[in-house]
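Asks: I am attaching a structure below and will ask some questions about it afterwards.
Since every read-out is calculated from the coordinates, none of them should be taken as a lab result. Since this is a predicted model, take the numbers as computed values, not measurements. Cβ coordinates were reconstructed from backbone atoms using ideal geometry, including for glycine residues, and neighbour counts include every protein chain displayed.
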Amino acid sequence: MFILITGGSGSGKSEFAEKTAAELGGDMLYVATMKPYDEECVKRIERHRKMRSGKGFRTAECYEGLSSLDERADTMLLECVSNLTANLMFSDKKETDPHKISTDVLNLKCKNLVAVTNEISSDGINYDGDTKEYIRILGEINSLLAKKADRVYEVVYGMPVRIK
Amino acid sequence: MRFVIGGKNSGKSAFVKNKYGIADIPQADYDTVMTERAVKDFHLFIRKMMEDNRDIRSVTDKMLAENPDIIIISDEIGYGVVPMDKADREWRECVGRISCYIAENAEKVIRVICGIGNIIK
């Protein structure tokens, strides 16, 4: 079972994703992609850790190469594809191939995968350079993942709307 | 007429190509909107009409009269903070208003997220 969860910033994706993963159950692994590179990130990570605590997740930190993640689990919760993509694009790896990135997500060694991504492309601002490229690549990854997903949800202010 | 909306790079064109069997979708401009089966980037065409000081509503009405089965693809651009630039603000507002008008007249409105189309009207 592969479930993709998208939505705007602060829409309650994580909470819904955790609930969804817990329902799928078994041995659960949370794959964290956020690099703790400044205070804001550290706070965000801490908030998510608190939210997850006591829910039975193990945690693996994986900022870039999902293919080298040596973990197996019944259910994995990947949070989040947008972060992972930014890490890959702007690291030394400079990985910008949407097919490679989405394939690595789909090849995680688990029976059930819940992946969180982000809606970032409806603000009407005409970005250039790296940001424009990031929006394009993430857009393509999202479409590739959604195509393979058994279910896709858009979370709107805590309300999951099933779109596939 | 069908109206296909969604964020930038959300997979709208691929969705339309697939669903309606269209090989190439041209940019919306004064000519293509009157004759083509499907056009993309209608939001940018609105900007062009604004810059040309054209009456957008009458161009839209002409399009709907001359090409009543057109599939219009347009970005949703109203989900961010108010733009700093006056022209950007006017454009965003205008895209919103014209999109409401097009949606009102559309037989179907499809919103695309992650390449998946959902009929919202």
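Asks: Which ones in segment A:114-164 are over 17 Å from the mean Cα position of the chain (by Cα), assigned to a strand (DSSP E or B) and either surrounded by 14 or more Cβ atoms within 10 Å (Cβ to Cβ) or within 9 Å of chain B (Cβ to nearest Cβ) (or both)?
Replies: Across segment A:114-164, the qualifying residue is only A:V161.
Asks: Which residues, taken from segment B:76-93, are surrounded by 17 or more Cβ atoms within 10 Å (Cβ to Cβ) and not charged (D, E, K, R)?
Replies: B:I77, B:P83, B:W91, listed by residue number.
Asks: If you don't mind, there's one more thing I want to ask. Go through segment B:102-121 and count every residue that is within 14 Å of chain A (Cβ to nearest Cβ) and in a strand (DSSP E or B). Steps first, please.
Replies: Going through segment B:102-121, the residues within 14 Å of chain A (Cβ to nearest Cβ) turn out to be B:110-120.
Add one more test, that the residue is in a strand (DSSP E or B), and what stays is B:110-113, B:116-119.
So the count comes out to 8.
Asks: Then there's this: Among residues belonging to segment B:50-101 that are among the aliphatic types (A, V, I, L, M) and not in a helix (DSSP H, G or I), point out the one that is farthest from the other protein chains (Cβ to nearest Cβ).
Replies: Start the filter on segment B:50-101 by keeping residues that are among the aliphatic types (A, V, I, L, M), which leaves B:50, B:56, B:59, B:63-65, B:70-73, B:77, B:81-82, B:84, B:87, B:95, B:98.
When the remaining residues are screened for being not in a helix (DSSP H, G or I), the result is B:70-73, B:77, B:81-82, B:84.
Working: B:I70: 23, B:I71: 19, B:I72: 17, B:I73: 14, B:I77: 3, B:V81: 7, B:V82: 10, B:M84: 10 Å.
In this case the residue turns out to be B:I70.
Asks: Could I ask something else about it? Of the conditions (1) farther than 27 Å from B:D24 by Cα; (2) without any contact (Cβ under 8 Å) to a residue 40 or more places away in the chain, B:Y79 fails just one. Which one is it?
Replies: Among (1) farther than 27 Å from B:D24 by Cα; (2) without any contact (Cβ under 8 Å) to a residue 40 or more places away in the chain, B:Y79 violates only (2).
Asks: Let me ask you something else. Starting from segment B:33-45, keep only residues that are in a helix (DSSP H, G or I), then list their pairs with residues that are of a type outside the set (A, V, I, L, M) whose Cβ atoms are within a distance under 6 Å, requiring at least 6 positions of separation or different chains.
Replies: B:M34/B:E66; B:M34/B:N67; B:F42/B:S74; B:H43/B:S74; B:H43/B:D75
Asks: Take the residues in segment A:100-113 that are touching a Lys or Arg at 6+ places or on another chain (Cβ under 8 Å) and hydrophobic (A, V, I, L, M, F, W, C), then tell me which one is surrounded by the most Cβ atoms within 10 Å (Cβ to Cβ).
Replies: In this case the residue turns out to be A:C110.
Asks: Could you please find all residues in segment A:13-33 being more than 19 Å from A:R151 (Cα to Cα) and in contact with a His (Cβ under 8 Å, 6 or more places away or on another chain)?
Replies: Of everything in segment A:13-33, just one residue is more than 19 Å from A:R151 (Cα to Cα) and in contact with a His (Cβ under 8 Å, 6 or more places away or on another chain), namely A:A32.
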